[in-house]
Amino acid sequence: TTRIERHHYDVVVIGAGGAGLRAAIEARLAGKKTAIISKSLFGKAHTVMAEGGAAAAMGNVNSRDNWMVHFRDTMRGGKFLNNFRMAELHAKEAPERIWELETYGALFDRTKEGKISQRNFGGHEYPRLAHVGDRTGLELIRTLQQKIVSLQQEDKAEFGNYEARIKVFAETTITDLLLDHSAPGSAKVAGAFGYYRETGEFILLEAPAVVLATGGVGRSYKVTSNSWEYTGDGHALALRAGASLINMEFLQFHPTGMVWPPSVKGILVTESVRGDGGVLRNSEGKRFMFDYVPDVFRRQYADTEEEADRWYTDPDNNRRPPELLPRDEVARAINSEVKAGRGSPAGGVFLDVSTRMSAETITRRLPSMYHQFKELADVDITKGPMEVGPTCHYVMGGVEVDPDTGSTSGPVEGLFAAGEVSGGMHGSNRLGGNSLSDLLVFGKRAGEHAAAYADALPRRPKVSTSDVEAAVDTALAPLQRQSGENPYTLQQDLQTVMGDLVGIIRREGELADSLKRLQELKQRVANVGAVGGRAYNPGWHLALDLRNMLAVSECTAKAALEREESRGGHTREDFPSMNPQWRLVNLVCSIDEGGDVHLDRKPVPKMRDELITLFDRAELSKYLTEDELTEFDALSG
Ligand code: FAD
């Protein structure tokens, strides 16, 4: 028989980014025995990479800021498809979560008066991002880890064991959730099954409550800013447990990722490069962004290079350069230039600071970009242009949750989700800075409610032996097919389908084609093999991740085909505008026992009266249907 290491916990948190750590802290504070599982090294999550800051309406820099202004900005950013209750809770609770971090030992940058400083960011009406230089995510992770260590020290004092109530399982991947089906008509979480990456040994954590905090899905795309472990595991675990995903058609493509060399394709090139004067040119040397200013933005953006250039020194009397349009606009423009055959040799466009700033200024203002290009691409950005193109960056869609508790929808009980893996909060597009605050607000809530759920259970759900055996068989299957399909080839093929057919600009025919290709891939993934044994074997690990990527990609492709409009992170060439009827609709994805993906329509929850009246009619008329506007008029008298 196969050896399985068994553990018992009250709450198991899958993921050690900001959402997971904050959830774990809350569960432990509620007295629960808590496990934190992390696929990569502890501390190495996307959260650590975030630079800009965490958005919270503290009003420290501009006292007119408050939760209502933040709520409005978030709804606008998401083009009114956000779950309003999540946006409300987020705007109201973010300041408290930031202050609380300082009680854990964080130290944010300060204003002259000694308050937490806040910076401006796209889509935020007032300076709102609490930050620590350009490494806010690092401070966030560092502080949450420090808090965990201090709780472990308390436990050592009380129980003689650091890990008595909170333990971290690093480099451990969860492959399956285990459910208790003994009560008719319902399923309860009973545990999580996975393997240690180093040894390949199996681990089973029995627990009545599981919090998914596994982050994003970017690795299903050829070009992405996401690192290797972002294969949509939490999304797929939720689906297989009977929960559902919403809004999976909405992905954020950042306009500037590296495109060369192939090994670093997708790595982020910070927006500050353009903020500091970087210009975008095509292969003909043309500054093409002037051709892509949409009508709604025309009044704020320069129409000549001369005016755009003057803006950097005299912003009051000139309009902004079109390189500084919102991310989705710039990403679409670059995509069009490349498709029209005017791309750079490596399939991007040129982003140049060398002709506009001295070498000394560049290395002073953009030191990390200078090193990134020098070391990874052997390109000296003080002497020549960078090649850049859109990169898959963030998924707005995710596990459908109850806004107050983070509990997942559907028949399964005891399953919670928070952070990027959850959906609803950001609607069709996320504002920068709203992710770090999202992690704190909803991480805390999920931890709290997972603990309360575990407390209230009359009896512990039981893991069934046959389910464990099935999880073992699934995990070992690729190793028993040494000559099966190569997992790396399959991943590349999947990335090609998603990048080419379900990418930044979408069309009906291509989306329909993608679904056919995904079906073919599904058959091949069922036959995936991995060479070698169980000890540290990345090919085997990828073979196991593939079924997750595939399930999630199918949800994205299906929803993208269904939604016949363009909104936020979903652009249909054949339906180029927003349609108010579609704003009423969430696309909900689920899978059945046989693994087939289903899509359903569900109404977007209706905003409460006192929230909708925070907006003026002129703005609402861009988003709402005629019926909704009539209702609004009646409300506002
Ligand atoms: P993550 O921090 O992504 O952590 C996920 C965790 O889950 C990891 O520990 C991972 O190992 C674990 N995991 C995954 N699958 C499994 C599994 N099967 N078993 C066990 N563990 C698993 N947002 C901002 O607000 N501002 C910014 O400036 C910003 N900059 C960014 C820059 C980059 C380069 C990137 C990639 C993202 C950026 N974002 C930014 C987005 C933001 O960082 C992420 O959305 C956010 O950190 C996600 O946090 P999380 O806690 O949900 O998950």
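Read the figures in this text as sums done on the coordinates, not as results from a lab. Computed from a predicted model, the values in this text were never measured in an experiment. Virtual Cβ from ideal backbone geometry, glycine too; neighbours counted across all protein chains shown.
For this structure, a couple of remarks:
- Sparse-neighbourhood loop sites, GluC sites (Glu not before Pro) in region 569-637 - DSSP loop, at most 15 other Cβ within 10 angstrom: E573, E593
- Annotation: amide H-H contacts under 5 Å for T175 (H modelled 1.01 Å from N, sequence separation of 5 or more, or interchain): F193, G194, Y195.
- Simple point charges give the picture: +1 on the Cβ of Lys and Arg, -1 on the Cβ of Asp and Glu, and for region 480-637 a dipole about the Cα centre of about 740 debye.
- Signed unit charges on C-beta, dipole axis of region 443-580, positive-most listed residue H541, T465, G503: T465
- Rounded to 0.05, the FRET efficiency of the S358 and V264 pair, given R0 = 41 Å and the Cβ-Cβ distance, is 0.95.
- Annotation: the residues I334, I203, I116, sorted from fewest to most other C-beta atoms within 10 Å of their own C-beta, follow the order I203, I116, I334.
- Between the beta carbons of A634 and D134, assuming R0 = 41 Å, the FRET efficiency works out to 0.30 to the nearest 0.05.
- FRET efficiency, R342 to Q519 (Cβ-Cβ, R0 35 Å, nearest 0.05): 0.50
- Percentage relative contact order, the chain, counting C-alpha pairs under 8 Å, at least six apart: 19 percent
- Whichever lysines have a C-alpha closer than 30 Å to that of K32, once near sequence neighbours (fewer than 8 apart) are set aside: K44, K92, K147, K156, K167, K188, K444, K462
- Here the Karplus relation 6.51 cos²θ - 1.76 cosθ + 1.60, evaluated at θ = phi - 60°, turns the backbone of region 569-575 into coupling constants of x, 9, 10, 9, 4, 7, 9 Hz, with x for every Gly and Pro.
- Sequence-distant residues sharing a close amide H with G343 (under 5 Å, placed H): S283
- Phi-derived couplings, Karplus 6.51 cos²θ - 1.76 cosθ + 1.60 at θ = phi - 60°, listed residue by residue for region 131-141: 8, 10, x, 10, 9, 5, x, 4, 5, 4, 5 Hz, with x used for Gly and Pro.
- Modelled spin-label separation between I4 and E102, with each label point placed 7 Å from Cα along the Cα-to-Cβ direction: 4.8 nm.
- Å³ per residue enclosed by the Cα convex hull of the chain: 167 Å³
- Binned Cα-Cα distance frequencies in region 484-637 - 5 Å width, integer %: 2, 8, 15, 15, 14, 12, 10, 8, 6, 5, 3, 2, 1, 0, 0
- With Cα atoms, 0 to 90° folded angle of helix 487-501 axis to the chain main axis: 40 degrees
- Proximal lysines to K383, defined as alpha-carbon separation beneath 30 angstrom and excluding residues fewer than eight positions away on the same chain: K222, K265, K286, K339, K374
- Relative contact order [Cα under 8 Å, 6+ residues apart], region 529-633, whole percent: 18 percent
- Each of E400, E562 has some number of other Cβ atoms within 10 Å of its Cβ, and from fewest to most they run E562, E400.
- With 0.36 nm allotted per residue and the present C-alpha distance subtracted, the F159-R299 stretch has 43.8 nm of extension available.
- Label-to-label distance for S577 and L376 is 4.0 nm, based on points extended 7 Å past Cα in the beta-carbon direction.
- Ranking of V210, V525, V604, V149 by count of other Cβ atoms within 10 Å, fewest first: V149, V604, V525, V210
- Length gained on full extension, R310 to E564, computed as 0.36 nm times the residue gap minus the Cα-Cα distance: 87.4 nm.
- With the helix formula -39500 (n - 2.57) applied to DSSP H stretches of n ≥ 4, the chain reaches a computed 222 nm mean residue ellipticity of -11500 deg cm²/dmol.
- Rounded to the nearest 10 degrees, the angle from helix 538-562 to the longest Cα principal axis of the chain is 60 degrees.
- ³J(HN,Hα), Karplus 6.51/-1.76/1.60, whole Hz, each residue of region 277-290, x for Gly, Pro: x, x, 10, 9, 10, 8, 5, 8, x, 8, 7, 6, 4, 4
- Amide H contacts of V395 (H built 1.01 Å from N, in plane; Pro and chain starts excluded): V217, Q252 sit under 5 Å, all sequence-distant by 5 or more or on other chains.
- Region 231-332, relative contact order [Cα under 8 Å, separation at least 6], %: 24 percent
- Taking 4.7 Å between C-beta atoms as the pairing limit, the chain has these partnerless cysteines: C392.
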